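Here is the structure we will look at.
The values are calculated or read from the model by the stated rules, or taken from the named source; none is laboratory data. Just so it is clear, the structure is predicted and the values come from calculations on it, not from any experiment. All Cβ positions, glycine included, derive from the backbone under ideal geometry; neighbour counts span all protein chains shown. The protein model used for the area step is the full one, side chains on, heavy atoms only, and it has no ligands, DNA or RNA in it. Shrake-Rupley method; radii C 1.70, N 1.55, O 1.52, S 1.80 Å.
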Amino acid sequence: MQKNEIPPNDDPGIPSLDGLSERIRGFPEEPGVYLMKSAEGEILYVGKSRSLKDRVRSYFQESRPRSGRIAMLVSRVHDVEIIRTRSELDALILENTLIKRHRPRYNVLLRDDKTYPYLRLSWNDKFPRLSITRKVRNDGSLYFGPYANPSALRDTLRIIHKVFPLATCRIPLDTPTLERPCVEYQIHRCLGPCSEGLTTPEEYRQVSTGVRLFLQGKNDDLLTLLHSEMLRLAKALEFEKAALARDRYQSVLKIMERQAVSFPFSHPLDALFIIRQGTIAMAEVLHIRNGLLIGKKETDLKNIEDATDEEISIAFIEQFYGREASFLPSEILLPFALSKESLMSLAWMSEKKGEESVRITFPQRGDKKMILDLAQENAEESLRARNLRKGSPEEVLEEVRLFLNLPVRPETICCVDISNTGDSLPVASLVTFKDGKPEKSLYRKFRIRYERGQDDFRMLAEVMERQFRDTPLPDLLVIDGGPGQLKSCISMLKAMGHHEAERSVISLAKERTRKKTMERVFLPGQEIPRILPPHHPATHMLVHLRDEAHRFAIRYHRTLREEFLTRSRLLDIPGIGPSREQKLIRHFGSVEAVLKASPEEIMTAARIPRPLAESLHRSILQSMEKSAIPMHPERQQ
């Protein structure tokens with residue numbers, strides 16, 4: 001790359017467009033990146049072009065129409081810096097890097113700039129393996145993704161490991177090194193390339209090809225491959241291996257039956273819809289692979305004031321698909337036609353894809369229009385959910401009131417959680433939210449007095465009694481637990497005269513399945529719980545409250561646990577204080593040695609009369625006979 005900089009304009013104010021255009025004539029007609037700067041040196045805009053001279057000059061042509069945003073940009077430009085690159089694709093990569101680094105005021109910016117994970121199949125290895133990575137490298141491996149949804153990535157890995165016996169360990173596989181394989185081989189989850197004679201590179205490569213076809217969505221080709229492999233093994237009288245190939249064939253068939261083929265397209269296709277609201281915009285991308293809707297990606301955009309829909313779309317496509325870790329589809333659907341100039345500026349996509357060109361279309365009817373309408377519906381729903389999540393506390397609390405059918409808006413909400421390890425050191429926490437925000441001055445922690453086993457019901461009842469005997473209930477009290485915990489708390493509260501507990505106390509519990517985690521709300525008098533919708537504002541509020549109570553309880557429990565583990569057992573014995581404890585440990589060397597000492601040895605070490613030494617010895621023996629439940633420090637509420 002070569003870097004050129006135009007001599008700064010002599011006029012300290014707004015530059016003359018004619019003078020600036022004269023200086024731009026010396027620009028090369030080569031690909032590269034240009035940086036427009038203000039008089040203060042601030043980078044206002046970063047762009048790329050296949051011809052720097054033509055692109056930069058177009059900004060300052062008087063006859064060329066400009067949007068309000070571009071006119072404002074041009075009026076502030078005082079200096080232009082260019083960086084030449086070898087190709088337009090190199091210019092795109094550099095442009096994205098500079099935009100992320102400088103975040104210019106007049107560039108449309110993607111707020112969601114995190115790197116999503118990919119699946120990497122080490123195709124060039126003798127025995128390929130599948131792994132998760134966040135960087136795509138030109139190392140001959142095959143990369144699949146990105147996976148914006150972690151659960152989708154976990155589901156994909158689970159299916160692959162169940163159906164295709166690829167090695168999942170980190171043992172070097174260039175040459176067999178183990179005498180016997182691990183249990184994965186015994187349960188047919190691995191072909192055992194780590195041991196001599198269990199498999200061949202050709203047999204392993206056949207399984208790797210099946211994984212590649214599965215991840216590419218080429219299920220028909222995969223079925224053909226598995227069916228051919230099954231017949232070949234049967235003819236070779238390798239019936240056990242043929243049975244395994246048959247099982248893989250049937251597993252893929254079942255997976256295909258669960259997938260509803262919605263659209264008659266075999267090529268990779270993305271649908272892009274951008275919805276605007278005020279000073280922000282949201283881009284929604286639906287990913288269609290092999291006719292299946294496999295996922296979506298939503299991204300917030302900013303710096304879109306006075307930018308046209310076409311300018312926003314071009315900026316998003318360049319940053320989203322120009323990332324190092326992004327794969328290009330064969331076709332991108334847009335809700336409107338792009339200008340010829342914009343289409344030419346996106347020619348780098350075909351160069352990057354290599355094997356085939358990338359088409360940008362704007363369907364008016366048919367299945368592709370249906371996909372685009374679906375992208376629009378998802379964009380509108382995502383924007384609505386985002387507005388609710390970021391709404392005012394009053395709006396969120398009103399949503400909580402409506403969802404739980406509360407008599408009043410819950411301006412004060414409390415949550416109670418129990419934390420313990422087995423039967424030892426049980427504690428509880430009570431956290432309070434005022435107007436939707438944590439009020440840490442009202443947080444309370446309890447050292448549970450009930451010590452006869454692990455009984456959450458009695459522990460919660462104890463907290464209810466200690467906290468609310470002389471204190472009114474909040475607008476909403478949330479118990480971390482199920483219907484049993486809720487019933488125990490309400491019974492205690494009603495026994496103390498809080499009859500309104502039937503309307504203002506609920507419990508919240510997680511329900512984990514293999515695919516997702518659901519939040520269940522239990523209401524008094526109702527056997528069937530209500531499921532909290534994942535993106536409902538009430539969900540975010542209640543889960544935040546419960547997690548804060550959980551955090552506070554665990555922190556207190558951990559503090560007590562550390563105190564107990566570091567506290568000398570001798571200090572719990574009557575007659576031994578810090579000074580006498582130090583004398584004994586200095587003499588005997590450890591607490592265990594003190595506990596085993598005779599009265600005579602204690603008398604000598606502590607320099608105390610014999611009757612006192614015998615008394616201490618009896619206290620030591622009695623303490624060793626007691627339960628392992630730790631002695632409690634001063635109780636607190």
Within segment 169-216, which residues are of a type outside the set (Gly, Ala, Ser), touching a strand residue (DSSP E or B) at 6+ places or on another chain (Cβ under 9 Å) and not in a loop (DSSP other than H, G, I, E, B)?
-> Leu178, Tyr185, Val211, Arg212, Leu215
Looking at (1) under 25 Å from Thr539 (Cβ atoms); (2) touching a Leu at 6+ places or on another chain (Cβ under 7 Å); (3) at pLDDT below 90, which is the only condition Lys437 fails?
-> (2)
Scan of segment 327-353 for residues that are open to solvent by 60 Å² or more (accessible area, probe 1.4 Å) and of a type outside the set (Phe, Trp, Tyr), ordered by number | Lys340, Glu341, Leu343, Met344, Glu351, Lys352
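Any idea which residue in segment 194-208 is nearest to Leu142 (Cα to Cα), counting only those that are open to solvent by 30 Å² or more (accessible area, probe 1.4 Å) and free of Cβ contacts under 8 Å to residues at least 60 places away in the same chain? Don't jump to the end; show me each part of the working.
Of the residues in segment 194-208, the ones open to solvent by 30 Å² or more (accessible area, probe 1.4 Å) are 196-198, 200-203, 205-206.
Narrowing further to those that are free of Cβ contacts under 8 Å to residues at least 60 places away in the same chain: 196-198, 200, 202-203, 206.
Values: Glu196: 27, Gly197: 27, Leu198: 26, Thr200: 21, Glu202: 18, Glu203: 19, Gln206: 15 Å.
Here the residue is Gln206.
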Can you find even one residue in segment 617-632 that is at pLDDT 75 or above, over 30 Å from Tyr450 (Cα atoms) and of a type in the set (S, T, N, Q)?
-> no
Is it true that Leu570 is within 30 Å of Ala428 (Cα to Cα), open to solvent by less than 40 Å² (accessible area, probe 1.4 Å), modelled with pLDDT under 75 and hydrophobic (A, V, I, L, M, F, W, C)?
-> yes
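Do the conditions hold for Leu346, that is, is it at pLDDT 85 or above and in contact with a helix residue (DSSP H, G or I) (Cβ under 7 Å, 6 or more places away or on another chain)? Break it down into steps so the answer makes sense when it comes.
Working: at pLDDT 85 or above: no; in contact with a helix residue (DSSP H, G or I) (Cβ under 7 Å, 6 or more places away or on another chain): yes.
Against the criterion (at pLDDT 85 or above and in contact with a helix residue (DSSP H, G or I) (Cβ under 7 Å, 6 or more places away or on another chain)), Leu346 does not qualify.
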Filtering segment 219-266 down to residues that are modelled with pLDDT of 75 or more, of a type in the set (A, V, I, L, M) and not in a helix (DSSP H, G or I) yields Ala236, Leu237
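Which residues, taken from segment 51-69, are touching a residue at least 24 places away in the same chain (Cβ under 8 Å) and within 25 Å of Ile304 (Cβ to Cβ)?
Correct list: Val56, Phe60, Gln61, Ser67, Gly68, Arg69.
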Being in a strand (DSSP E or B) and within 13 Å of Glu548 (Cβ to Cβ) narrows it down to one of Val427, Val431, so name that one.
-> Val431
Qualifying positions in segment 210-233 - open to solvent by 30 Å² or more (accessible area, probe 1.4 Å), within 37 Å of the chain's Cα centre (by Cα) and free of Cβ contacts under 8 Å to residues at least 24 places away in the same chain = Asp220, Asp221, Thr224, Leu225
Considering only helices (runs of 4 or more DSSP H) fully contained in segment 438-551, which possess at least 2 residues that are in contact with a strand residue (DSSP E or B) (Cβ under 8 Å, 6 or more places away or on another chain), of a type in the set (A, V, I, L, M, F, W, C) and buried (at least 17 other Cβ atoms within 10 Å of the Cβ)?
-> 456-468, 483-495
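Taking the conditions exactly as written (at pLDDT 75 or above, open to solvent by less than 50 Å² (accessible area, probe 1.4 Å), hydrophobic (A, V, I, L, M, F, W, C) and assigned to a helix (DSSP H, G or I)), does Phe316 satisfy them or not?
Values: at pLDDT 75 or above: yes; open to solvent by less than 50 Å² (accessible area, probe 1.4 Å): yes; hydrophobic (A, V, I, L, M, F, W, C): yes; assigned to a helix (DSSP H, G or I): yes.
Yes: the conditions hold for Phe316.
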